[in-house]
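To start, the structure under review is shown below, and the notes come after it.
The values are calculated or read from the model by the stated rules, or taken from the named source; none is laboratory data. Keep in mind that this is a model prediction, so the values were computed, not measured. Here the Cβ positions follow ideal geometry from the backbone for every residue, glycine too, while neighbour counts run over all protein chains shown. Calculation scope for accessible area: heavy atoms of the full protein, side chains included, ligands and nucleic acids excluded. Shrake-Rupley method; radii C 1.70, N 1.55, O 1.52, S 1.80 Å.
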Amino acid sequence: MQILDGKLVAQTVKEDLKQKTDILKREGKKPPHLAAILVGHNGASETYVASKVRTCEELGYQSTLIRFETEVTEDELLQKIRELNQDDGVDGILVQLPLPAQISEEKVINTISAQKDVDGFHPANIGKMIQGQPAYIPATPYGILLLLEYYKIETKGKHAVVIGRSNIVGRPISILLSQNTPTGNCTVTICHSHTRNLKDICLQADIIVAALGKPEFLTADMVKDGAVVIDVGITRVPDAGKKKGYALKGDVHFETVAPKCNYITPVPGGVGAMTIAALMKNTYLAAIQRN
Ligand code: NAD
């Protein structure tokens with residue numbers, strides 16, 4: 001069994017981006033600039049955005065963090081996004097999800113300029129991605145592909161089972177794994193909350209992507225020997241023994257599943273680390289394409 005070390009791979013991706021950014025600066029060009037919008041004070045969102053801003057600093061990118069209180073109106077938020085769309089100095093825009101109930105995520109996603117949509121959620125980017133055209137690929141699925149590529153994991157002809165069909169993880173990764181690409185050519189089964197016989201389906205999988213948000217859902221009896229298991233889930237589970245009062249749990253029962261696998265991602269240190277690296281890759285790409 002080999003651990004797919006997201007931290008290590010993310011580090012190599014980031015070192016490459018830092019070098020490229022240093023070159024841009026030496027040539028007198030502007031470094032990539034990511035603008036992040038954070039609404040409210042959700043603990044997990046605060047952590048994710050802080051980590052994205054910190055990574056920008058590490059790589060020599062510019063970053064701008066724009067904060068709104070939970071009560072912000074939809075109009076105010078959309079107005080700020082339109083301003084950032086027009087701002088020539090900004091290459092990438094992300095709005096940290098989830099958003100408060102009064103704000104339509106759909107409107108927010110559709111308002112971000114597709115050229116600056118480094119999260120890859122805009123319908124124009126999703127549409128291009130489905131057709132195999134150059135597009136910003138959503139960061140988490142993109143990070144998974146980078147991990148598969150780094151470890152040279154054979155995907156061609158394999159049966160991949162994706163658990164979860166969200167627009168940001170399950171659906172895009174199921175499409176990407178099915179495409180005619182070096183990290184694709186899988187036969188994909190996409191499962192969701194209405195799937196029957198999930199255990200039987202998982203037992204047929206060569207590759208399982210667990211992205212449902214239910215801690216330790218995937219257990220050893222659902223996984224065949226030699227499988228590749230990608231754990232996307234991150235849930236904060238109360239744990240009095242931890243300094244922060246919670247532990248991060250994936251969707252996979254790691255201790256029992258890992259011994260059966262050829263490859264498995266840990267939580268933390270797996271897909272989460274890759275997501276930020278992939279976002280940084282998209283932001284670099286946005287800067288290059290715009291300038
Ligand atoms: P979501 O809540 O939008 O979607 C969950 C999906 O799981 C749904 O499609 C639902 O049908 C399916 N599902 C729920 N219960 C199921 C069951 N019992 N059997 C089969 N399918 C079931 O979730 P999301 O936004 O895709 O996130 C999923 C998990 O991944 C969460 O824990 C989230 O925190 C995590 N996440 C991690 C990263 C990262 O960078 N590692 C990024 C995004 C999301």
Handout entry: Extension gain (nm, one decimal) between residue 15 and residue 131, 0.36 nm per residue minus Cα-Cα
Key = 38.7 nm
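Rounded to whole Å and sorted largest first, what semi-axes of the equivalent ellipsoid does the C-alpha gyration tensor of the chain yield via the square root of 5 times each eigenvalue?
Three semi-axes, in Å: 31, 22, 19.
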Problem - Label-point separation, residue 154 to residue 74 (7 Å along Cα→Cβ), nm - result: 5.1
Exercise for the section: Roll a 1.4 Å probe over the protein heavy atoms and report the accessible area of residue 193 in Å², nearest 10. Expected result: 100
Completion exercise
Shape descriptors of region 139-272 over alpha-carbon atoms, Rg and Dmax in angstrom, are 14.2, 47
Practice task
Describe numerically, in nm with one decimal, the distance between label points set 7 Å from Cα along Cα→Cβ at residue 82 and at residue 219.
Solution key: 5.3
Fill in the blank from the handout: Note: residue 27 to residue 204 extended length (0.36 nm per residue) minus current alpha-carbon separation gives 58.5 nm
Completion exercise
Here P(r) for region 29-113, Cα-Cα distances in 10 Å bins, as whole percents, is 17, 51, 28, 3, 0
Problem - Surface per residue (accessible, 1.4 Å probe) for region 139-272, Å² - result: 47
Exercise for the section: Counting only heavy atoms of the protein chains, get the accessible area per residue of region 29-113 (1.4 Å probe) and round it to a whole Å² value. Expected result: 47
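Run through the DSSP bridge list for the chain and note the antiparallel percent, rounded to the nearest 5. Each step should come with its number before you reach the end.
Numbers: 4 of 34 bridges.
Around 10 percent of the beta bridges assigned by DSSP in the chain are antiparallel ones.
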Practice task
Beyond 23 Å between alpha-carbons counts as too far, so tell me which of 7/249; 29/116; 7/107 fall in that bin.
Solution key: 7/107
Problem - Förster-model FRET efficiency, 51 Å R0, residue 192 and residue 288, C-beta, rounded to 0.05 - result: 0.90
Problem - Rounded if a/c under 1.5, otherwise prolate or oblate - region 1-41, Cα gyration tensor axes - result: oblate
Practice task
Per DSSP H run of n ≥ 4, the term is -39500 (n - 2.57); total these for the chain, divide by its residue number, and report the mean residue ellipticity at 222 nm rounded to 500 deg cm²/dmol.
Solution key: -12500 deg cm²/dmol
Exercise for the section: Quickly work out the residue 47-to-residue 3 label distance, labels modelled 7 Å from Cα along the C-beta direction, and quote it in nm with one decimal. Expected result: 1.8
Practice task
Could you grab the relative contact order for the chain? Cα pairs under 8 Å, six or more apart, rounded to a whole percent.
Solution key: 21
Practice task
List the aspartates and glutamates whose Cα lies under 13 Å from the Cα of residue 14, skipping any in the same chain that are fewer than 8 positions away.
Solution key: 22, 57, 58
Handout entry: Segment residue 64-residue 104, length gained on full extension (0.36 nm per residue, minus Cα span)
Key = 12.1 nm
